[in-house]
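Participant: First the structure, which I've put down as C-alpha coordinates, then a few questions once you've had a look.
The values are calculated or read from the model by the stated rules, or taken from the named source; none is laboratory data. Please read all numbers here as calculations on a predicted model, not as lab measurements. Every residue, glycine among them, receives a Cβ derived from its backbone with ideal geometry; neighbour counts consider all protein chains shown. Just the protein is used for accessible areas: all its heavy atoms, side chains included, with ligands, DNA and RNA removed. Shrake-Rupley method; radii C 1.70, N 1.55, O 1.52, S 1.80 Å.
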Amino acid sequence: MKAQSKLYFYLIISAVLLIIIAVLSLNTGVYDFGENSPFRALWQLIKEDPGLSLSDKYVIWDVRAARIIMAILVGSMLSVSGTSLQGLFKNPLATGDLIGLTSGATLLAAIAIVLGGHFKEYLPEAVQFSLVGIAAFIGSFLSMMLVYRISTSGGKTNVVMMLLTGVAITAIGFSITGFLIYISKDEQLRDLTFWNLGSLAAATWTKNIILAIVITIAYIILLPKGKALNAMMLGEKDAQHLGINVERLKKQIIITVALMVGTCVAFSGTIGFVGLIVPYILRLLFKSNYVFILPLSAMCGSILLLTADTFSRSIVAPSELPIGILTALMGGPIFIAILVKFKKSL
(Lines give C-alpha, C1' and ligand atoms only; values in the text may rest on other atoms or scores of the structure.)
Protein backbone atom coordinates (compact mmCIF):
# COMPACT_ATOMS: atom_id res chain seq x y z
CA MET A 1 0.00 0.00 0.00
CA LYS A 2 1.39 3.41 -0.98
CA ALA A 3 2.08 5.95 1.75
CA GLN A 4 -0.66 8.31 0.56
CA SER A 5 -3.25 5.50 0.42
CA LYS A 6 -2.16 4.31 3.86
CA LEU A 7 -2.63 7.84 5.26
CA TYR A 8 -6.13 8.09 3.78
CA PHE A 9 -6.98 4.66 5.25
CA TYR A 10 -5.94 5.72 8.76
CA LEU A 11 -7.79 9.03 8.41
CA ILE A 12 -11.00 7.23 7.40
CA ILE A 13 -10.67 4.80 10.34
CA SER A 14 -10.13 7.76 12.70
CA ALA A 15 -13.13 9.63 11.25
CA VAL A 16 -15.39 6.59 11.72
CA LEU A 17 -14.23 6.19 15.33
CA LEU A 18 -14.80 9.91 15.95
CA ILE A 19 -18.37 9.67 14.58
CA ILE A 20 -19.10 6.65 16.82
CA ILE A 21 -17.83 8.50 19.92
CA ALA A 22 -19.83 11.61 18.92
CA VAL A 23 -23.02 9.51 18.67
CA LEU A 24 -22.37 7.99 22.10
CA SER A 25 -21.63 11.45 23.53
CA LEU A 26 -24.88 12.81 22.09
CA ASN A 27 -26.72 10.06 23.98
CA THR A 28 -24.88 10.77 27.28
CA GLY A 29 -26.36 13.10 29.87
CA VAL A 30 -28.77 13.42 32.78
CA TYR A 31 -31.56 15.18 30.86
CA ASP A 32 -34.68 13.01 30.44
CA PHE A 33 -36.19 13.15 26.95
CA GLY A 34 -39.20 11.11 28.15
CA GLU A 35 -40.57 8.81 25.44
CA ASN A 36 -38.37 10.62 22.94
CA SER A 37 -34.67 9.84 22.38
CA PRO A 38 -31.71 12.15 21.65
CA PHE A 39 -31.42 10.83 18.09
CA ARG A 40 -35.12 11.18 17.42
CA ALA A 41 -35.04 14.69 18.86
CA LEU A 42 -32.11 15.54 16.57
CA TRP A 43 -33.99 14.13 13.57
CA GLN A 44 -37.06 16.17 14.51
CA LEU A 45 -34.83 19.23 14.77
CA ILE A 46 -33.37 18.61 11.30
CA LYS A 47 -36.87 18.16 9.84
CA GLU A 48 -38.04 21.26 11.78
CA ASP A 49 -40.82 19.20 13.37
CA PRO A 50 -43.13 21.55 15.33
CA GLY A 51 -43.82 18.71 17.79
CA LEU A 52 -40.30 19.00 19.25
CA SER A 53 -40.40 20.74 22.64
CA LEU A 54 -38.25 23.81 23.22
CA SER A 55 -36.41 22.15 26.11
CA ASP A 56 -35.55 19.07 24.00
CA LYS A 57 -34.39 21.32 21.17
CA TYR A 58 -32.22 23.40 23.52
CA VAL A 59 -30.55 20.38 25.16
CA ILE A 60 -29.87 18.45 21.95
CA TRP A 61 -28.67 21.39 19.84
CA ASP A 62 -27.42 24.23 22.06
CA VAL A 63 -25.96 22.06 24.83
CA ARG A 64 -24.88 18.62 23.60
CA ALA A 65 -24.26 19.17 19.87
CA ALA A 66 -22.47 22.49 20.44
CA ARG A 67 -20.30 20.89 23.12
CA ILE A 68 -19.41 17.91 20.93
CA ILE A 69 -18.31 20.19 18.09
CA MET A 70 -16.24 22.33 20.48
CA ALA A 71 -14.53 19.21 21.87
CA ILE A 72 -13.68 18.11 18.32
CA LEU A 73 -12.27 21.52 17.34
CA VAL A 74 -10.36 22.25 20.57
CA GLY A 75 -8.93 18.72 20.83
CA SER A 76 -7.75 18.85 17.25
CA MET A 77 -6.08 22.25 17.63
CA LEU A 78 -4.33 21.39 20.91
CA SER A 79 -2.99 18.16 19.43
CA VAL A 80 -1.72 19.75 16.20
CA SER A 81 -0.15 22.64 18.12
CA GLY A 82 1.81 20.18 20.27
CA THR A 83 2.83 18.10 17.26
CA SER A 84 4.02 21.19 15.36
CA LEU A 85 6.10 22.47 18.29
CA GLN A 86 7.67 19.05 18.83
CA GLY A 87 8.63 18.88 15.17
CA LEU A 88 10.02 22.42 15.22
CA PHE A 89 12.06 21.97 18.41
CA LYS A 90 12.86 18.29 17.69
CA ASN A 91 11.74 17.31 21.18
CA PRO A 92 8.67 15.35 22.41
CA LEU A 93 8.34 17.56 25.51
CA ALA A 94 7.68 20.76 23.56
CA THR A 95 3.97 21.27 24.10
CA GLY A 96 1.98 24.43 24.74
CA ASP A 97 1.30 23.71 28.40
CA LEU A 98 4.81 22.47 29.28
CA ILE A 99 6.70 25.42 27.77
CA GLY A 100 4.40 28.09 29.17
CA LEU A 101 2.08 28.96 26.26
CA THR A 102 -1.06 27.84 28.07
CA SER A 103 0.01 29.62 31.25
CA GLY A 104 0.71 32.86 29.38
CA ALA A 105 -2.65 32.69 27.63
CA THR A 106 -4.45 31.93 30.91
CA LEU A 107 -2.68 34.80 32.68
CA LEU A 108 -3.70 37.49 30.18
CA ALA A 109 -7.20 36.02 29.95
CA ALA A 110 -7.40 36.30 33.77
CA ILE A 111 -6.21 39.91 33.62
CA ALA A 112 -8.89 40.68 31.02
CA ILE A 113 -11.57 39.05 33.21
CA VAL A 114 -10.65 40.80 36.46
CA LEU A 115 -9.32 44.15 35.27
CA GLY A 116 -11.00 44.44 31.87
CA GLY A 117 -13.92 46.38 33.30
CA HIS A 118 -11.64 49.33 34.06
CA PHE A 119 -10.62 49.93 30.44
CA LYS A 120 -13.04 47.92 28.28
CA GLU A 121 -15.33 50.90 27.60
CA TYR A 122 -12.44 52.77 25.90
CA LEU A 123 -11.92 49.98 23.36
CA PRO A 124 -13.76 49.48 20.04
CA GLU A 125 -16.95 47.45 20.34
CA ALA A 126 -15.54 44.53 18.31
CA VAL A 127 -12.55 44.33 20.67
CA GLN A 128 -14.81 44.51 23.76
CA PHE A 129 -16.76 41.48 22.57
CA SER A 130 -13.64 39.32 22.15
CA LEU A 131 -11.35 40.93 24.74
CA VAL A 132 -10.63 37.69 26.62
CA GLY A 133 -9.86 35.84 23.39
CA ILE A 134 -7.52 38.59 22.15
CA ALA A 135 -5.79 38.72 25.54
CA ALA A 136 -5.32 34.94 25.53
CA PHE A 137 -3.75 35.05 22.05
CA ILE A 138 -1.39 37.88 23.05
CA GLY A 139 -0.38 35.98 26.20
CA SER A 140 0.27 32.81 24.21
CA PHE A 141 2.25 34.69 21.55
CA LEU A 142 4.40 36.61 24.06
CA SER A 143 5.15 33.40 25.97
CA MET A 144 6.15 31.63 22.76
CA MET A 145 8.46 34.48 21.73
CA LEU A 146 10.04 34.63 25.21
CA VAL A 147 10.66 30.87 25.27
CA TYR A 148 12.11 30.96 21.75
CA ARG A 149 14.40 33.95 22.45
CA ILE A 150 15.79 32.57 25.71
CA SER A 151 16.25 28.95 24.61
CA THR A 152 17.67 29.60 21.12
CA SER A 153 21.25 30.68 20.53
CA GLY A 154 23.19 30.55 17.28
CA GLY A 155 20.23 29.01 15.50
CA LYS A 156 20.07 26.06 17.95
CA THR A 157 17.39 25.51 20.58
CA ASN A 158 18.51 24.30 24.01
CA VAL A 159 15.75 21.97 25.20
CA VAL A 160 16.67 22.28 28.88
CA MET A 161 16.51 26.06 28.66
CA MET A 162 13.20 25.81 26.82
CA LEU A 163 11.63 23.68 29.55
CA LEU A 164 13.10 25.79 32.36
CA THR A 165 11.76 28.95 30.71
CA GLY A 166 8.36 27.26 30.51
CA VAL A 167 8.56 26.42 34.23
CA ALA A 168 9.43 30.05 35.03
CA ILE A 169 6.56 31.42 32.91
CA THR A 170 4.15 28.96 34.51
CA ALA A 171 5.30 29.94 38.01
CA ILE A 172 4.93 33.67 37.26
CA GLY A 173 1.53 33.08 35.65
CA PHE A 174 0.35 30.99 38.61
CA SER A 175 1.42 33.62 41.15
CA ILE A 176 -0.20 36.56 39.32
CA THR A 177 -3.35 34.55 38.63
CA GLY A 178 -3.46 33.66 42.34
CA PHE A 179 -3.31 37.37 43.20
CA LEU A 180 -6.13 38.07 40.71
CA ILE A 181 -8.21 35.33 42.32
CA TYR A 182 -7.61 36.97 45.71
CA ILE A 183 -8.90 40.40 44.56
CA SER A 184 -11.67 39.14 42.25
CA LYS A 185 -15.41 39.36 42.85
CA ASP A 186 -17.72 36.34 42.99
CA GLU A 187 -18.61 36.31 39.28
CA GLN A 188 -15.00 36.88 38.27
CA LEU A 189 -13.91 34.12 40.65
CA ARG A 190 -16.24 31.65 38.92
CA ASP A 191 -14.80 32.61 35.52
CA LEU A 192 -11.23 32.25 36.80
CA THR A 193 -11.99 28.82 38.25
CA PHE A 194 -13.35 27.85 34.81
CA TRP A 195 -10.07 28.89 33.12
CA ASN A 196 -7.85 27.10 35.60
CA LEU A 197 -9.66 23.75 35.56
CA GLY A 198 -10.74 23.69 31.91
CA SER A 199 -14.28 22.95 30.75
CA LEU A 200 -16.38 22.79 27.59
CA ALA A 201 -19.59 23.64 29.46
CA ALA A 202 -19.67 27.16 28.00
CA ALA A 203 -19.81 25.89 24.40
CA THR A 204 -21.92 27.94 22.00
CA TRP A 205 -22.33 27.92 18.23
CA THR A 206 -20.85 31.43 18.02
CA LYS A 207 -17.66 30.20 19.67
CA ASN A 208 -17.63 27.14 17.41
CA ILE A 209 -17.81 29.35 14.33
CA ILE A 210 -14.81 31.36 15.56
CA LEU A 211 -12.93 28.14 16.34
CA ALA A 212 -13.79 26.78 12.88
CA ILE A 213 -12.38 29.93 11.23
CA VAL A 214 -9.18 29.73 13.30
CA ILE A 215 -8.71 26.01 12.65
CA THR A 216 -9.23 26.47 8.90
CA ILE A 217 -6.60 29.22 8.69
CA ALA A 218 -4.18 27.31 10.94
CA TYR A 219 -4.49 24.01 9.09
CA ILE A 220 -4.02 25.62 5.68
CA ILE A 221 -0.66 26.80 7.05
CA LEU A 222 0.41 23.82 9.20
CA LEU A 223 -0.85 20.57 7.65
CA PRO A 224 1.28 20.86 4.46
CA LYS A 225 4.40 21.29 6.65
CA GLY A 226 4.92 17.55 7.19
CA LYS A 227 7.86 17.24 4.77
CA ALA A 228 9.44 20.45 6.10
CA LEU A 229 9.26 19.14 9.69
CA ASN A 230 10.76 15.83 8.54
CA ALA A 231 13.65 17.83 7.06
CA MET A 232 14.01 19.76 10.34
CA MET A 233 14.70 16.45 12.11
CA LEU A 234 18.01 16.35 10.21
CA GLY A 235 19.04 19.74 11.60
CA GLU A 236 18.48 23.31 10.47
CA LYS A 237 21.51 23.43 8.14
CA ASP A 238 20.54 20.22 6.36
CA ALA A 239 16.95 21.47 6.09
CA GLN A 240 18.20 24.66 4.43
CA HIS A 241 20.26 22.61 1.95
CA LEU A 242 17.04 20.75 1.08
CA GLY A 243 15.39 24.06 0.19
CA ILE A 244 13.48 24.72 3.43
CA ASN A 245 13.22 28.36 4.51
CA VAL A 246 13.89 27.59 8.18
CA GLU A 247 13.30 31.06 9.62
CA ARG A 248 10.03 31.46 7.73
CA LEU A 249 8.93 27.99 8.89
CA LYS A 250 9.70 28.91 12.53
CA LYS A 251 7.72 32.16 12.34
CA GLN A 252 4.74 30.47 10.70
CA ILE A 253 4.58 27.70 13.29
CA ILE A 254 5.15 30.00 16.28
CA ILE A 255 2.45 32.51 15.28
CA THR A 256 -0.06 29.84 14.20
CA VAL A 257 0.42 27.75 17.35
CA ALA A 258 0.06 30.87 19.51
CA LEU A 259 -3.20 31.67 17.71
CA MET A 260 -4.56 28.15 18.24
CA VAL A 261 -3.53 27.83 21.89
CA GLY A 262 -4.78 31.33 22.72
CA THR A 263 -8.15 30.69 21.10
CA CYS A 264 -8.56 27.34 22.86
CA VAL A 265 -7.70 28.82 26.26
CA ALA A 266 -10.09 31.73 25.65
CA PHE A 267 -13.04 29.39 25.04
CA SER A 268 -12.27 26.27 27.08
CA GLY A 269 -9.76 27.28 29.74
CA THR A 270 -6.62 25.31 30.61
CA ILE A 271 -6.78 21.80 29.13
CA GLY A 272 -3.32 20.31 29.41
CA PHE A 273 -1.42 17.32 28.00
CA VAL A 274 -3.53 16.79 24.84
CA GLY A 275 -0.58 18.01 22.75
CA LEU A 276 1.69 15.56 24.59
CA ILE A 277 -0.44 12.39 24.62
CA VAL A 278 -1.50 12.22 20.97
CA PRO A 279 1.87 12.89 19.24
CA TYR A 280 3.61 10.48 21.62
CA ILE A 281 1.24 7.62 20.70
CA LEU A 282 1.42 8.43 16.99
CA ARG A 283 5.24 8.46 17.07
CA LEU A 284 5.17 4.94 18.51
CA LEU A 285 3.20 3.89 15.41
CA PHE A 286 4.76 6.04 12.67
CA LYS A 287 8.17 6.97 14.12
CA SER A 288 8.75 10.67 13.38
CA ASN A 289 7.12 10.90 9.95
CA TYR A 290 5.23 14.19 10.22
CA VAL A 291 3.54 13.63 6.87
CA PHE A 292 1.49 11.03 8.77
CA ILE A 293 1.62 12.46 12.28
CA LEU A 294 0.31 15.97 11.53
CA PRO A 295 -3.03 15.07 9.86
CA LEU A 296 -3.59 12.07 12.12
CA SER A 297 -2.96 14.18 15.24
CA ALA A 298 -5.76 16.47 14.08
CA MET A 299 -8.19 13.54 14.12
CA CYS A 300 -6.84 11.75 17.18
CA GLY A 301 -6.81 14.93 19.28
CA SER A 302 -10.54 15.28 18.62
CA ILE A 303 -11.11 11.64 19.58
CA LEU A 304 -9.15 12.03 22.83
CA LEU A 305 -10.82 15.24 24.01
CA LEU A 306 -14.34 14.17 23.03
CA THR A 307 -13.84 10.87 24.90
CA ALA A 308 -12.50 12.71 27.96
CA ASP A 309 -15.39 15.20 27.87
CA THR A 310 -17.97 12.40 27.62
CA PHE A 311 -16.43 10.75 30.68
CA SER A 312 -16.29 14.07 32.54
CA ARG A 313 -20.05 14.46 32.09
CA SER A 314 -20.89 10.93 33.20
CA ILE A 315 -18.41 9.89 35.94
CA VAL A 316 -19.94 12.03 38.71
CA ALA A 317 -23.36 12.72 37.14
CA PRO A 318 -25.38 14.89 37.62
CA SER A 319 -22.28 16.98 38.46
CA GLU A 320 -19.44 17.51 36.00
CA LEU A 321 -15.76 16.76 36.50
CA PRO A 322 -13.50 19.48 34.98
CA ILE A 323 -11.98 18.04 31.82
CA GLY A 324 -8.54 19.46 32.64
CA ILE A 325 -8.35 17.02 35.57
CA LEU A 326 -8.92 14.02 33.29
CA THR A 327 -6.42 15.07 30.61
CA ALA A 328 -3.78 15.74 33.29
CA LEU A 329 -4.48 12.30 34.80
CA MET A 330 -3.94 10.71 31.38
CA GLY A 331 -0.96 12.87 30.45
CA GLY A 332 1.02 12.50 33.67
CA PRO A 333 2.00 8.83 33.17
CA ILE A 334 2.90 9.48 29.52
CA PHE A 335 5.10 12.41 30.58
CA ILE A 336 6.89 10.10 33.04
CA ALA A 337 7.25 7.44 30.30
CA ILE A 338 8.93 9.99 28.00
CA LEU A 339 11.33 11.01 30.79
CA VAL A 340 12.20 7.35 31.52
CA LYS A 341 12.85 6.79 27.80
CA PHE A 342 15.12 9.84 27.71
CA LYS A 343 16.97 8.59 30.80
CA LYS A 344 17.72 5.26 29.10
CA SER A 345 19.00 7.01 25.98
CA LEU A 346 21.53 9.13 27.95
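Participant: Can you give the Rg and Dmax of the chain based on its C-alpha atoms, in angstrom?
Facilitator: 20.7, 68
Participant: So what is the accessible area of region 62-178 per residue, in Å², with the probe set to 1.4 Å?
Facilitator: 40 Å²
Participant: Next up: When all C-alpha to C-alpha distances in region 231-345 are sorted into bins of 10 Å, what percent of pairs does each bin hold, rounded to whole numbers?
Facilitator: Per 10 Å bin, starting at zero, the Cα-Cα P(r) for region 231-345 comes out as 12, 32, 35, 16, 4, 1 percent.
Participant: Rounded to a whole number, what % of the accessible area of the chain do carbon and sulfur atoms account for, probe 1.4 Å?
Facilitator: The value for the chain is 68 percent carbon and sulfur by accessible area.
Participant: Report the label-to-label distance for K251 and W43 in nanometres (one decimal), using points 7 Å from each Cα along the Cα→Cβ vector.
Facilitator: Placing both labels 7 Å beyond Cα along the Cβ direction yields 5.5 nm.
Participant: Could you pull out every one of the lysines with an alpha carbon less than 21 Å from that of K47, ignoring same-chain neighbours closer than 8 positions?
Facilitator: K57
Participant: Continuing with the same structure: To the nearest 0.05, what FRET efficiency results for M161 and K90 with a Förster distance of 22 Å applied to their C-beta separation?
Facilitator: That pair, M161 with K90, gives E of 0.95.
Participant: Please give the residues of region 110-140, grouped as numeric ranges, whose backbone N is less than 19 Å from a label point set 7 Å along the Cα-to-Cβ vector of I181.
Facilitator: Under 19 Å, as judged by backbone N against the label point of I181, lie 110-116 of region 110-140.
Participant: Rounded to the nearest angstrom and ordered from largest down, what semi-axes does the equivalent ellipsoid of region 47-86 get from its C-alpha gyration tensor (root of 5λ)?
Facilitator: 35, 8, 4
Participant: Got a sec? What order do L296, L329 fall in by accessible area at 1.4 Å, biggest, i.e. largest, first?
Facilitator: L329, L296
Participant: Return the aspartates and glutamates within reach of K237: Cα separation strictly under 20 angstrom, same-chain partners fewer than 8 residues apart disregarded; answer none if there are no such residues.
Facilitator: Once the sequence-local aspartates and glutamates are set aside, what remains near K237 is E247.
Participant: Can you give me the long-range amide H partners of T152? Hydrogens built in the peptide plane at 1.01 Å from N, cutoff under 5 Å, separation of 5 or more residues or another chain.
Facilitator: Long-range HN contacts for T152: N158.
Participant: Output the peptides 183-196, 258-271, 305-318 sorted from most to least packed, where packing is the average of other Cβ atoms within 10 Å over each peptide's residues.
Facilitator: Peptide ranking by packing, descending: 258-271, 305-318, 183-196.
Participant: Keeping all protein chains in position, work out how much accessible area R248 exposes to a 1.4 Å probe, and write it in Å² to the nearest 10.
Facilitator: Ignoring ligands and nucleic acids, R248 comes out at about 150 Å².
Participant: Which entries in K6/K225; K90/K225; K207/K250 show an alpha-carbon gap greater than 25 Å?
Facilitator: K207/K250
Participant: If the elastic network links every pair of Cα atoms under 10 Å, which of S288, S81, S53 fluctuates the most in the Gaussian network model of the chain?
Facilitator: Result for the chain, Cα springs under 10 Å: S53 fluctuates most.
Participant: Something else now. Cut-off 10 angstrom, C-alpha nodes, Gaussian network model of the chain. Which of F286, F33, F119 fluctuates the most?
Facilitator: Looking only at F286, F33, F119, the largest GNM fluctuation is found for F119.
Participant: So, one more: Between region 184-240 and region 1-67, what's the alpha-carbon centroid distance in Å?
Facilitator: With region 184-240 and region 1-67 each reduced to a Cα centre, they are spaced 24 Å.
Participant: Next question. Which value in deg cm²/dmol, rounded to the nearest 500, describes the helix-derived mean residue ellipticity at 222 nm for the chain, given -39,500 (n - 2.57) per DSSP H run of n ≥ 4 and division by the residue count?
Facilitator: -24500 deg cm²/dmol
Participant: At 1.002 mPa s and 20 °C, plugging the Kirkwood radius over alpha-carbon pairs of region 1-127 into Stokes-Einstein gives what diffusion coefficient in µm²/s?
Facilitator: My calculation gives 113 µm²/s for D.
Participant: For T206, what accessible surface area do you get with a 1.4 Å probe? Give it in Å², rounded to 10.
Facilitator: 80 Å²
Participant: Continuing with the same structure: At 1.4 Å probe radius, can you tell me the per residue accessible area of region 223-346 in Å²?
Facilitator: Per residue, region 223-346 has an accessible area of 45 Å².
Participant: With springs only between Cα atoms under 10 Å, which of L180, L54, L146 fluctuates most in a Gaussian network model of the chain?
Facilitator: Maximum among the listed residues: L54.
Participant: To continue, here is another question. Return a whole-number percent for the relative contact order of the chain, with Cα pairs under 8 Å and 6 or more residues apart as the contact set.
Facilitator: 30 percent
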